[in-house]
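Visitor: So that we are looking at the same thing, I have put the structure below in structure tokens.
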Amino acid sequence: MSEPEDSWWDVDAGPIVRSFARTGGRTRPSRDEFNLITLIIATNADTARHGLEPEHIVILRMCTGTPLSVAEISARLDLPATVAKVLLGDLLDMGAIHTRAPIALAEAPEIHVLQAVLDGIRRL
């Protein structure tokens, strides 16, 4: 007896574990510090902490040494941003990550300064 090609357990069936199960049913982070462009960096990659889910460990490893935005973390984990924010809230509560707001547009160098630097580099 052959199996049909359109089996329910194929890739199109979606994740086996639903997103809310990964957060213990929580739908909001413990703190309201995250938006999609908030930068996250791990304080250390100590994955031996008790109570960490596999997603927490992956986040710590991804954010060690290089800050990543909430949007990047969400995309790499293939999770909705709201779920990623709940997981990040857990890590923030235990002191495993730091958050940093991205550079505000007002603090960014003006375009004429960047153009002058680029022109100077080209002359080298």
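Visitor: Working carefully through the options VAL83, VAL70, find the one that is in contact with a helix residue (DSSP H, G or I) (Cβ under 9 Å, 6 or more places away or on another chain) and touching a residue at least 60 places away in the same chain (Cβ under 8 Å).
Guide: Answer to the selection: VAL83.
Visitor: OK, next. From the residues in region 56-75 that are of a type outside the set (Val, Ile, Thr), assigned to a helix (DSSP H, G or I) and modelled with pLDDT of 90 or more, which one is farthest from LEU36 (Cα to Cα)?
Guide: Among them, the one singled out is ARG61.
Visitor: For ARG122, indicate whether it is over 15 Å from PHE34 (Cα atoms), charged (D, E, K, R) and either surrounded by 10 or more Cβ atoms within 10 Å (Cβ to Cβ) or in contact (Cβ under 8 Å) with a residue 12 or more places away in the chain (or both).
Guide: Considered against the rule, which asks whether it is over 15 Å from PHE34 (Cα atoms), charged (D, E, K, R) and either surrounded by 10 or more Cβ atoms within 10 Å (Cβ to Cβ) or in contact (Cβ under 8 Å) with a residue 12 or more places away in the chain (or both), ARG122 comes out as no.
The values are calculated or read from the model by the stated rules, or taken from the named source; none is laboratory data. Since the model is a prediction, treat every value here as computed from it, not as a measurement. FYI the Cβ positions are ideal-geometry reconstructions off the backbone, even for glycines, and counts take in every protein chain you see.
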